[in-house]
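To start, the structure under review is shown below, and the notes come after it.
The values are calculated or read from the model by the stated rules, or taken from the named source; none is laboratory data. No experiment lies behind these values; they were computed from the predicted model shown. Cβ atoms come from the backbone with ideal geometry, glycine included; neighbour counts cover every protein chain shown.
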């Protein structure tokens with residue numbers, strides 16, 4: 001039994017818009033430069049999350065590729 005007729009959304013206005021995002025929360029705490037300085041300071045003090053974050057920004061993620069093996073001669 002269908003709750004809505006075919007082609008009709010159950011939520012016609014869509015998802016509500018919220019400013020409660022992680023990015024908005026970071027922007028409320030300071031400028032990108034200030035946040036980078038905080039992360040750098042935390043990394044120098046040994047915070048693993050800060051070290052990982054800075055490493056991920058500085059070192060590109062390498063795509064894994066597989067080299068096809070040649071089939072043995074018959």
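Numbers at a glance
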| quantity | calculated |
| --- | --- |
| Residue list for the range 39-54, filter: without any contact (Cβ under 8 Å) to a residue 12 or more places away in the chain and either touching a helix residue (DSSP H, G or I) at 6+ places or on another chain (Cβ under 6 Å) or surrounded by 13 or more Cβ atoms within 10 Å (Cβ to Cβ) (or both) | 42, 43, 47, 50, 51 |
| Test for residue 26: is it modelled with pLDDT of 75 or more, under 23 Å from the mean Cα position of the chain (by Cα) and surrounded by 10 or more Cβ atoms within 10 Å (Cβ to Cβ) | yes |
| Residue within the range 32-45 that is in a loop (DSSP other than H, G, I, E, B) and modelled with pLDDT of 90 or more present | yes |
| Checklist (1) modelled with pLDDT under 75; (2) surrounded by fewer than 10 Cβ atoms within 10 Å (Cβ to Cβ) applied to residue 4, failing item | (2) |
| Residue pairs meeting the criteria (Cβ under 9 Å; at least 6 apart or on separate chains; first part of a loop (DSSP other than H, G, I, E, B), in the range 8-19; second surrounded by 10 or more Cβ atoms within 10 Å (Cβ to Cβ)) | 10/4; 18/24 |
